1. For the chain, compute Rh as the Kirkwood radius over C-alpha pairs and then the Stokes-Einstein diffusion coefficient at 20 °C and 1.002 mPa s; write the answer in µm²/s, rounded to an integer.
2. Full-extension gain between Ser63 and Thr28, please, as 0.36 nm times their residue separation minus the C-alpha to C-alpha distance.
3. Amide H to amide H, which residues 5 or more places from Phe68 or on other chains are under 5 Å from it, using H placed in the peptide plane?
4. Explain nothing, just compute: Karplus ³J(HN,Hα) = 6.51 cos²θ - 1.76 cosθ + 1.60, θ = phi - 60°, for every residue of the range 71-88 in order, whole Hz, x for Gly and Pro.
5. If I ignore ligands, DNA and RNA and count only protein heavy atoms, how much of Ser7 is accessible to a 1.4 Å probe, in Å² to the nearest 10?
6. For the range 68-123, just say rounded, prolate or oblate: build the C-alpha gyration tensor, square-root its eigenvalues into a ≥ b ≥ c, call rounded for a/c under 1.5, and beyond that prolate if a/b exceeds b/c, oblate if not.
7. With θ taken as phi - 60° and the coefficients 6.51, -1.76 and 1.60, list the Karplus ³J(HN,Hα) couplings across the range 29-44 in order, rounded to whole Hz; mark glycine and proline as x.
8. Count neighbours as other Cβ atoms within 10 Å of each site's Cβ, and list the GluC sites (Glu not before Pro) in the range 32-95 that are DSSP loop with at most 16 such neighbours.
Amino acid sequence: QVQLVESGGGLVQTGGSLRLSCAASGSTFSFYTMGWFRQAPGKEREFVARITWSGETTYYQASVKGRFTISRDNPKNTVYLQMNSLRPEDTTVYYCSAARRRIPTTEAEYDYWGQGTQVTVSS
């Protein structure tokens, strides 16, 4: 079992930055690929980024590539999402997730989820 707790969300102006953190506990963090998803009200949850257990492989949704950076600190059991050049369309709840599969390709392949943190980008 893995427990995930996100933090770092908030209100920021267009063009600003935020760094989300996700603290993991309960199991060996370094065994899991970690991902970030987001979900706006009334919409399906969408993939944002993922990072493999050693950090050697990252993958991003096209709309955030070049603006967002996912990273992890295994000794601290924490994964981060640095978000730069934020846009109003980035406004939504962001979720941290963990997958036992090394390269999960669908949302269903993620095994554990956090409760989410709200990000609001004002225009």
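1. Details: Rh = 14.2 Å.
The diffusion coefficient I find is 151 µm²/s.
2. Working: separation 35, 0.36 × 35 = 12.60 nm, distance 3.12 nm.
Length gained, Ser63 through Thr28: 9.5 nm.
3. The list, which skips near neighbours in sequence, is Asn84.
4. Taking θ as phi minus 60°, the curve returns 8, 8, 10, 4, x, 9, 6, 9, 10, 10, 9, 7, 10, 10, 6, 5, 10, x Hz for the range 71-88.
5. Solvent-accessible area, nearest 10 Å²: 60 Å².
6. On the way: a/c = 2.15, a/b = 1.60, b/c = 1.34.
It is prolate, given that a/c is not under 1.5 and a/b is the larger ratio.
7. 4, 5, 7, 10, 6, 10, x, 10, 10, 9, 8, 8, x, x, 10, 6
8. Numbers: sites: Glu44, Glu46, Glu56, Glu89; in loops: Glu44, Glu56.
Within the range 32-95, the qualifying GluC sites (Glu not before Pro) (loop, at most 16 other Cβ atoms within 10 Å) are Glu44, Glu56.
The values are calculated or read from the model by the stated rules, or taken from the named source; none is laboratory data. Since the structure is predicted, the reported quantities are computational estimates derived from the model, not experimental observations. Cβ atoms come from the backbone with ideal geometry, glycine included; neighbour counts cover every protein chain shown. Ligands, DNA and RNA are stripped out before the accessible areas are found, and what is left, the full protein with its side chains, is counted by its heavy atoms. Shrake-Rupley method; radii C 1.70, N 1.55, O 1.52, S 1.80 Å.
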